[in-house]
Amino acid sequence: MNNTIKLAVAGAVLSAASIANAGIIIPAGEWTMDINGNVNMFATMTKADDTATVTGGIAATKDAAGEDTGFSTGTGLLPAWLGFTGTTRQNDLDVSFTISFQPNTSDNDATGMGDLGAPLNRQAFITFGDASWGSVKVGKDLGIFAGDAILSDMTLLGVGGGTPGGATTLGGIGTGYLYPGWRGQIAYTTPNMNGLQATVAITNPNQGNPGTAYKQDRFGVEGKVVYSLPNGKVWVSGSSYDVVGTSGISYDATAMDVGTTLSFGNLGFTAYYYAGEGNGVGLSLNRLGDLANERDQDGGYLQATYVMPTGTKLGVAVASSRQDLASGETAGSTAAMDSNDRWTVGAYHPLTKHLNLVAEYNAIESKDHQGDKNESDSLSLGAILFF
């Protein structure tokens, strides 16, 4: 994992005094190699209250036989991870590369012989720059818009929405923030100017093969500004994409957000809000495609944590993602998602510096504009080891 993700992972569980800043460091000639990653697994019991399916809903539903309880094991929101980062200083430039692989601990196959949660390859990028003028990133990495929202979410070390069994669970994706995705990008980050730092990037539009009949008019654009405080940070970020559906309909999908994380001794707080149009219900920024009209979305989450003298971090979060009907749509004509609401209670205990035990409870309610509703509750127990 790159340093941003590693520190977010560590900070989600541990107190500041015990954060591990690096993985396995190996000097290699002109290079310094950092081998890092994590392994995690969760056992989850989920109980669903309703049968009706809400389009775009996150809450679990009863199965076709009416069974309301399910059991599953697998990777949480953060996939298992093996990353390699090399750094060096050449010709007055700080140069680095990162390549990572994300297997998982899911085996969601009835035969027990395969893995339906396919391994992922989320990072492959280079950076170069200098503290005097900033840095450039070229390659695939976590998206800029909404990236701080997911890295500040305490369920990064747990499960959140969804259930284990696939490549990952959902955490707060679709119940509190949009998914930033892992995007091909060319990004420039300014030097740190007394705590103020900005990033802007052109990104892959993620609309399929550019040789198909429906092409984007431009690259995607994402950016953010972060101001570091003595006890936290404040950020704003945004994204803009041209969306083209198979019908040939085209429109701009845009989003903005604002967030803050603050710590006061053993207390930690996160507040986050986003708003946009044409961005879908939250699982990605791959938009709605064929709709002639864009739908407005907004949402956010509030989170509070407390580190006990034993080192155990207790946390509670309330979150919501909402979607309006588009111009010309009526509740009777569409079953589009209206809202996904979640509240989470979690306990994250550092058994050792790197090994953490996790217990998490999530309650989720999904509604559509026709009045259908799903509610489900889940309890997850597991462990995560990061290095």
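The values are calculated or read from the model by the stated rules, or taken from the named source; none is laboratory data. Predicted model, so just to flag it, every value in this text is computed and none were measured. So basically every Cβ, Gly included, is an ideal-geometry build from the backbone, and we count neighbours across all protein chains shown.
A few comments on the model shown:
- Search result, residues across the range 130-165 that are of a type outside the set (Phe, Trp, Tyr), free of Cβ contacts under 8 Å to residues at least 60 places away in the same chain and in a loop (DSSP other than H, G, I, E, B): Ser132
- Taken over the range 22-60, the residue count meeting the criterion of being aromatic (Phe, Trp, Tyr) and either over 30 Å from Gln323 (Cβ atoms) or assigned to a loop (DSSP other than H, G, I, E, B) (or both) is 1.
- Residues in the range 224-245 that are assigned to a strand (DSSP E or B) and either among the small types (Gly, Ala, Ser) or modelled with pLDDT under 80 (or both): Ser228, Gly232, Ser237, Gly238, Ser239, Ser240, Val243, Val244.
- Selection of first residues in the range 108-129 that are at pLDDT 70 or above and of second residues that are part of a strand (DSSP E or B) and acidic (Asp, Glu), restricted to Cβ pairs under 9 Å at least 6 apart or on distinct chains, gives the following pairs, ordered by first then second residue: Arg122/Asp141; Gln123/Asp141; Ala124/Asp141; Phe125/Asp141; Thr127/Asp94; Phe128/Asp94; Gly129/Asp94.
- Scanning the range 4-24 turns up no residue that is under 21 Å from the mean Cα position of the chain (by Cα), buried (at least 22 other Cβ atoms within 10 Å of the Cβ) and at pLDDT 90 or above.
- In the range 317-351, the residue that is surrounded by the most Cβ atoms within 10 Å (Cβ to Cβ) out of those that are under 22 Å from the mean Cα position of the chain (by Cα) and among the small types (Gly, Ala, Ser) is Ser321.
- So His354, is it surrounded by fewer than 21 Cβ atoms within 10 Å (Cβ to Cβ), at pLDDT 95 or above and more than 21 Å from Ile173 (Cα to Cα): no
- Hey, Val221 within 18 Å of Ile144 (Cα to Cα) and either within 23 Å of the chain's Cα centre (by Cα) or at pLDDT 90 or above (or both) or not: yes
- Count of the range 144-198 residues which are aliphatic (A, V, I, L, M), crowded, with 24+ Cβ neighbours inside 10 Å and more than 10 Å from the chain's Cα centre (by Cα): 4
- Yes/no for Tyr179 being hydroxyl-bearing (Ser, Thr, Tyr) and under 23 Å from Phe42 (Cβ atoms): yes
- Pairs with Cβ under 6 Å, 6+ apart, first in the range 325-337 and closer than 11 Å to Asp372 by Cα, second assigned to a loop (DSSP other than H, G, I, E, B) and modelled with pLDDT under 75: Met337/Val281
- The residue list Asp153, Asp94, Asp148 contains one member that is among the acidic types (Asp, Glu) and touching a Leu at 6+ places or on another chain (Cβ under 8 Å), which is Asp153.
- Here no strands (runs of 3 or more DSSP E) wholly within the range 246-338 include at least 1 residues being small (Gly, Ala, Ser), in contact with a Cys (Cβ under 8 Å, 6 or more places away or on another chain) and at pLDDT below 90.
- Residue in the range 71-83 that is under 30 Å from Gly181 (Cβ atoms), touching an Asp or Glu at 6+ places or on another chain (Cβ under 7 Å), surrounded by 14 or more Cβ atoms within 10 Å (Cβ to Cβ) and of a type outside the set (Phe, Trp, Tyr) present: no
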